[in-house]
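The values are calculated or read from the model by the stated rules, or taken from the named source; none is laboratory data. Worth saying up front: this structure is predicted, and the values here are computed from it rather than measured. Glycine gets a Cβ as well: all are built from the backbone with ideal geometry, and neighbour counts include every protein chain shown.
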Amino acid sequence: MDEFTYRDGSLWCEGVPLTSVAERYGTPTYVYSASTLIDHYRRFAKAFDAVSPLVCFSAKALGNVHLLRLLGREGAGIDAVSGGELHRAMVAGIDPERTVLAGVGKSEAELREAVRRNIRCINVESEAEVELLSRIAREEGARPRLAIRVNPDVAPDQRTPARTTTGTRGGKFGVDIERAGALFARAAADEALRIEGFHIHLGSPIFDPQVYAIALDRLLALVARLEAAGHRITTLNLGGGFPAEYVDRTAPSWDDFAEVIVHRLTGFTRQGGQVIFEPGRTIAANAGILLSTVRYLKQAGDHQLAVIDAGMTHIARAAMYDSYHFMWPVQPPAEAVPSSRDVSGVEGLTTYDVVGPICESSDYLARGRSLPALKAGDHFAIFTAGAYGMAMTSNYNSQLRPAEVLVHGDQVSLIRRRETYDDLVALELLDDGSDRNG
Ligand code: LLP
C-alpha cells in the first residue's frame, strides 16, 4: 500500500529512518515517498488502461510543484481549480494539453489565462460562465475547449461526509442534469467555443463503485439524447473521488472501480472519445505522513492529553471533518511496533486525546485514541496525510507552515523549506509605507 513501514523498531520512509528526517529538518514536517506516489499513479492509470484515460492529478490535494513535476514525468496531467493551480501546473512543466480547469466561481482573469494557454478543457459550471467564456474567446481570437460540469443528483453512501459531497441536487456545483443538454446545444451553436462533452465529480471520498455507475448511466443517457439530435460528444471527465485506505482494507481497489466504469465507456472510446479522470486523494494520501513531536503530556479531568507540535493549521482534516488519521509514535516500545494499522491486538496501550497548539477548542487530531505510552520529545507520525494535508494548512495563530521533504530510496530532498517569521509578515505594509526591510 505504501512505503512507510516499521523496521528495526522504528518508522522508515523507503530507505530512510524518520528519526533522521526529524533531526535534520525539525517538525512538523510533511514527508512524502516518491516511490509510493509514482506507484499509485501508475497502478491507477493501469486499472483504467482499457479506456486510455488522461489522468489529471488533482493539484488541490497536493500542490507542491516538485511533486507535480514528478507526476508529470510519469505522464500525468493536472486538474486545476484556480489560476494559482494553473500557475503551479505551468511551473511544474505540465503540458497545457494535459491540463484541465474546474471551479464554480472562476474569475474572468482565470478563464482568460486558461484560454490564452489553450488548455485541454475548461469545465464550466453555469450558463453565465458559458456567456463569459464566449466573450473572452472572441476578445482573445481563440476557440477554447470546454465541457459542462453536470450535477447528476447522485448521493454517495454515508461514508462520504456531507461536507465533501458534490453531486446532489441543490448543491453549488455543476449544472442540473435536466438543463445540461440545452446548455450544450447553446455552446455548440457558438462558433467561438468548442464544446466537447461533460464533467462530473461526485464527492470525496466515494467508497461504493455503484455511485459512479449510476451517475455514468445518467450521463450516458444525456450523451445518447444529444447524439441522436446530431451532436458529437468527445470528452467525458469523471472527476476524482476515489478513496484511500485511512485504515486497513476499507476501500475498494482501483480494479473494483474499473470493473463498473470501463465497460460502460468502451463504446464511447471506440468512437474516439477521450475519458479523463481527476484523482487526488487515492494517489497522494498514503504517499505522505506528517511528522510531529510530542510537546507535553497533561491530565484534563479524566482525559490524558498529548499536546503535539502539529495542530489544525498543519493538518486541518480532523478538526474540519472529524476525519480519522492513523497515528503512532515513530519509535514505539518494542511490544508496540505495529505490523498494520489494526492495533487492536497491541497490549498495554493508553487512551489519549491528541491535540495541537492552536487556540481553538476544535484543535483535536484524535479523541480517545489508544496509543503506546508517550513522553515529551517523542516523534509522532500522522499517517495518510499526503492528500489535503499540506494543501489545507494555514497561518492562523501565526503558525508557520511545515517543511516538505521527499524521500526516494535512501535520498532525502527538501522540497519546501519551513516558513520563517519573516515570511509571516513579508506581505504586510507598515503605515509609513515602508516594509520591514527598510
Ligand atoms: N475533481 C474535482 C472537480 C474536485 O472537486 C475534486 C475534489 C477532485 C477532482 C479530487 O477529488 P479526490 O480524488 O481527491 O477525491 N478537503 C477534503 C476533500 C475535498 C475535495 C474537493 N474536491 C478532505 O480533506 O477530505
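Of the candidates V104, V55, V51, the single residue that is within 16 Å of the ligand (Cβ to nearest atom) and touching a helix residue (DSSP H, G or I) at 6+ places or on another chain (Cβ under 8 Å) is V55.
Return yes when E97 is in a helix (DSSP H, G or I), farther than 27 Å from K172 by Cα, among the acidic types (D, E) and out of contact with any Pro (no Cβ under 6 Å at 6 or more places or on another chain) and no when it is not.
On the way: in a helix (DSSP H, G or I): yes; farther than 27 Å from K172 by Cα: yes; among the acidic types (D, E): yes; out of contact with any Pro (no Cβ under 6 Å at 6 or more places or on another chain): yes.
Here the answer is yes, as E97 does meet what is asked.
Screening M392 on (1) without any contact (Cβ under 8 Å) to a residue 60 or more places away in the chain; (2) closer than 26 Å to D423 by Cα shows it passes everything except condition (1). Is one or more of the residues making up the stretch 161-176 closer than 25 Å to L226 by Cβ and hydrophobic (A, V, I, L, M, F, W, C)? Taking every residue of the stretch 161-176 in turn, at least one turns out to be closer than 25 Å to L226 by Cβ and hydrophobic (A, V, I, L, M, F, W, C).
Being of a type outside the set (A, V, I, L, M, F, W, C) and surrounded by 20 or more Cβ atoms within 10 Å (Cβ to Cβ) is the filter here, so list the residues in the stretch 215-242 that pass it.
Going residue by residue through the stretch 215-242, those that are of a type outside the set (A, V, I, L, M, F, W, C) are 217-218, 225, 227, 230-232, 234-235, 237, 239-241.
If the condition is that a residue be of a type outside the set (A, V, I, L, M, F, W, C) and surrounded by 20 or more Cβ atoms within 10 Å (Cβ to Cβ), then T235, N237, G239, G240, G241 are the ones that fit.
All of (1) out of contact with any strand residue (DSSP E or B) (no Cβ under 7 Å at 6 or more places or on another chain); (2) surrounded by fewer than 16 Cβ atoms within 10 Å (Cβ to Cβ) hold for G171 with one exception: (1). Scan the stretch 200-214 and give yes if some residue there is over 22 Å from A61 (Cβ atoms), surrounded by 18 or more Cβ atoms within 10 Å (Cβ to Cβ) and within 16 Å of the ligand (Cβ to nearest atom), otherwise no. Scanning the stretch 200-214 turns up no residue that is over 22 Å from A61 (Cβ atoms), surrounded by 18 or more Cβ atoms within 10 Å (Cβ to Cβ) and within 16 Å of the ligand (Cβ to nearest atom). Among the residues of the stretch 274-293, are any over 25 Å from A387 (Cα atoms), in a helix (DSSP H, G or I) and at pLDDT 95 or above? The answer is no; no qualifying residue exists.
Within the span defined as the stretch 236-258, every residue fails to be away from the ligand (no atom under 16 Å from the Cβ), more than 20 Å from D2 (Cα to Cα) and touching a residue at least 24 places away in the same chain (Cβ under 8 Å). For the stretch 142-167, filtered to residues that are assigned to a loop (DSSP other than H, G, I, E, B) and at pLDDT below 80, the residue that is farthest from the ligand (Cβ to nearest atom) is G167.
Can you give me the ranges of the helices (runs of 4 or more DSSP H) entirely in the stretch 4-73 with at least 2 residues that are under 20 Å from the mean Cα position of the chain (by Cα) and crowded, with 21+ Cβ neighbours inside 10 Å? Even if it seems obvious, please write down each step before you answer.
Values: elements: 18-25, 34-47, 65-73.
Helices (runs of 4 or more DSSP H) meeting the threshold: 34-47, 65-73.
Going by what's in this entry, would S323 be described as within 16 Å of the ligand (Cβ to nearest atom), surrounded by 12 or more Cβ atoms within 10 Å (Cβ to Cβ), closer than 28 Å to H303 by Cα and more than 22 Å from the chain's Cα centre (by Cα)? Can you show your working first?
Values: within 16 Å of the ligand (Cβ to nearest atom): yes; surrounded by 12 or more Cβ atoms within 10 Å (Cβ to Cβ): yes; closer than 28 Å to H303 by Cα: yes; more than 22 Å from the chain's Cα centre (by Cα): no.
Judged against the criteria, S323 is not a match.
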